[in-house]
Amino acid sequence: MDPILIVDDEEKIRSLVRLYLEREGFAVDEAEDGRIALEKFRAGHYSLLIVDLMMPDIDGWRVCREVRESSGLPIIMLTARGEEFDRVLGLELGADDYLVKPFSTKELVARVKALLRRSRGQLQPVSSEITAGLLCIDKERHRVCIGEEVVNLTPLEFDLLYFLAKNRGRVFSREQLMETVWGYDFYGDARTVDTHVKKLREKLNHPSVKGMIVTVWGVGYKFDPDQVH
């Protein structure tokens, strides 16, 4: 059973999300603010966090940032405003996905299941590594290395890199990446992909690897080791 922590200062939201997740067999814990959420995160063991951005005292942005300092735990953020700045900042601080209030509980459950499958490495079993120069992507061990150095990626960052590398040279639109890598139809801003590509590039900032993820203007992205000079 996958334990999930819901962090929201609105009791009605917490109760609604708990109801639907428990119907699907998940164990659910709650926190009414960011301080309690961080205390529970440090003391317990969770498989996924659902975090509201707008909370008093310690907000959701800080929760995402502090969790990401020590964990690749999947995070879905909730925002009532839906402005692009809020979404992009939350993603850059480490959230994997977002939903704008009011949201469909069915869609939330679908996203929770997709992220949990990804975090367990159950998308597609493979028996080989992908290498490109010093870059090694090991699907079975869910590990990325540049030479001897291990690169710490979130489950979503790993799957995005693996998918692009597995299809090297092929260009994918943002919408195609959302559908294939995220694992469900996406009704929000497909520029979420841009934010995750930016984070990937920052983590792969090594002379032998930098530039392998290529932007094809007006289309999308591709993985091309030949772009590294």
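The values are calculated or read from the model by the stated rules, or taken from the named source; none is laboratory data. None of the values given here were measured: they were computed from a predicted structure. For neighbour counting, all protein chains shown are included, and Cβ atoms are generated from backbone atoms with ideal geometry for every residue, glycine included. For the accessible areas, the whole protein counts, side chains as well, though only heavy atoms, and no ligand, DNA or RNA atoms are used. Shrake-Rupley method; radii C 1.70, N 1.55, O 1.52, S 1.80 Å.
Surface composition of segment 4-120: carbon plus sulfur atoms hold 50% of the accessible area, using a 1.4 angstrom probe and ignoring ligands, DNA and RNA. 3J(HN,Hα) along segment 148-154, derived from phi through the Karplus expression 6.51 cos²θ - 1.76 cosθ + 1.60 where θ = phi - 60°, amounts to 8, 8, 7, 9, 7, 10, 6 Hz, with x in place of Gly and Pro. With 30 Å as the limit, the listed pairs K12/K139; K113/K222; K12/K203 have K12/K139; K12/K203 beyond it between alpha carbons.
For the chain, the per residue solvent-accessible surface stands at 49 Å², with DNA, RNA and ligands left out and a 1.4 Å probe. Using C-alpha pairs under 8 Å with a sequence gap of at least 6, the mean separation divided by the residue count of segment 129-223 gives a relative contact order of 28 percent.
Assuming charge only on the beta carbon of Lys and Arg (+1) and of Asp and Glu (-1), the dipole of segment 129-223 about its Cα centre is about 280 debye to the nearest 20.
Across segment 9-25, coupling constants 3J(HN,Hα) worked out from phi with the 6.51/-1.76/1.60 Karplus curve, θ = phi - 60°, read 7, 9, 4, 5, 5, 4, 5, 5, 5, 4, 4, 6, 6, 5, 4, 8, x Hz, and Gly and Pro carry x.
For the listed peptides 160-172, 138-150, a ranking on the average number of other beta carbons within 10 Å per residue, highest first, reads 160-172, 138-150. Which is farthest toward the positive dipole end of segment 129-223 among L204, T131, V216, measuring Cα position about the Cα centre, with Cβ charges +1 (Lys, Arg) and -1 (Asp, Glu)? The listed residue farthest towards the positive side: V216. For segment 129-223, carbon and sulfur atoms together expose 47% of the accessible surface, with a 1.4 angstrom probe and every protein chain in place. Residues whose amide H comes within less than 5 Å of that of V28, counting only those at least five positions distant or on another chain, are I4 (H built at 1.01 Å from N in the peptide plane). Spatial offset of segment 1-26 relative to segment 56-81 amounts to 16 Å, using the alpha carbon center of each. With θ taken as phi - 60° and the Karplus curve 6.51 cos²θ - 1.76 cosθ + 1.60 applied, the whole-hertz 3J(HN,Hα) list for segment 96-104 is 8, 7, 8, 9, 9, 6, x, 10, 7 Hz, x standing for glycine and proline. Computed on the chain, with alpha-carbon pairs under 8 angstrom and 6+ residues apart, the relative contact order is 13 percent.
I want to verify a result. In a Gaussian network model of the chain, Cα cutoff 10 Å, which of these has the top mean-square fluctuation: F158, F85, F41? Of F158, F85, F41, the Gaussian network model singles out F85 as fluctuating most. Bridging of K198 to aspartates and glutamates at a Cα separation below 12 Å is possible for E92, E157, once same-chain residues fewer than 8 apart are set aside. Taking the Cα centre of the chain as origin and assigning +1 to Lys and Arg Cβ atoms and -1 to Asp and Glu Cβ atoms, the resulting dipole is close to 700 debye. When peptides 216-222, 55-61 are ranked by their average number of other Cβ atoms within 10 Å per residue, the highest-first order is 55-61, 216-222.
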